[in-house]
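See structure below.
The values are calculated or read from the model by the stated rules, or taken from the named source; none is laboratory data. Note that the structure is predicted; figures quoted are calculated from it, not measured. No Cβ is skipped: glycine too gets one built from the backbone with ideal geometry, and neighbour counts run over all protein chains shown. Remember, those area values only see protein heavy atoms, side chains included, never the ligands or the DNA or RNA. Shrake-Rupley method; radii C 1.70, N 1.55, O 1.52, S 1.80 Å.
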Amino acid sequence: MRPGGMVLDLACGAGRHSRWLARLGFEVSAVDRDTGAFADPPEGVALLAADLEGGPWPYPGIAFDGIVATNYLHRPLLPILVGALVPGGVLVYETFARGNERFGKPSNPAFLLEPGELLEAVRGHLRVVAYEDLVVQAPRPAAVQRICAVAVG
């Protein structure tokens, strides 16, 4: 990501990634439906409460140098995220995948990526730098997919 660039922390929760990115000097837009878990955002973090699933996209016309999303899946947002990157912008996305039901929640297929789904979401739009579809042991056993991809152009 461009040093000092604008980064979106999607479904930011308590702000772990936002805080880290702000310490690295990025200007961070952090968004979540419920911002109550993100107490006292640090300088460099603009916190926004928005319904990402039921409301309009809260950043129309804004392109980011990076987008970070973890442990969150709302499929209709995937093409929006791909289109919300500047050329050279980086998407880092990790969430639960099919197979996670054997480890606990989430177990509903609506919240689990299908095999290769993240790859398909960026195909033809972003250059994949890294992709994994695996079982992790920490912080707890889980089936996940993760991708790092760069906007071309």
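Observations on the structure shown:
- Shown for the chain: the carbon plus sulfur share of the solvent-accessible area, taken with all protein chains present and a 1.4 angstrom probe, equals 57%.
- Column: log10 I(q)/I(0), Debye, Cα scatterers of the range 1-65, q = 0.19, 0.23, 0.30 Å⁻¹: -0.66, -0.93, -1.33
- Range in the chain, longest, excluding exposed GluC sites (Glu not before Pro) [loop by DSSP; at most 13 other beta-carbon atoms within 10 Å]: 54-153
- Solvent-accessible surface (1.4 angstrom probe) belonging to VAL136, in square angstrom, nearest 10: 20 Å²
- Total formal charge among the other residues, if their Cβ is under 13 angstrom from that of ALA49, Lys/Arg +1 and Asp/Glu -1: -2
- Local electrostatic count at VAL7 - Lys and Arg +1, Asp and Glu -1, tallied over other residues with Cβ under 11 Å: -2
- Heavy-atom accessible surface of the chain, averaged per residue, reaches 51 Å², computed with a 1.4 Å probe.
- Beta bridges per DSSP, both residues in the chain: antiparallel share near 45 percent.
- Amide N of the range 125-142 lying under 20 Å from the label point, which is placed 7 angstrom from the Cα of ARG102 along Cα→Cβ: 132-142
- Heavy-atom accessible area order for ARG140, ARG102, largest first, 1.4 Å probe: ARG102, ARG140
- Cα convex hull of the range 6-147, projected area averaged across orientations, nm²: 8.6 nm²
- For the options HIS74, HIS125, HIS17, a Gaussian network treatment of the chain with springs between C-alpha atoms closer than 10 Å singles out HIS74 as fluctuating the most.
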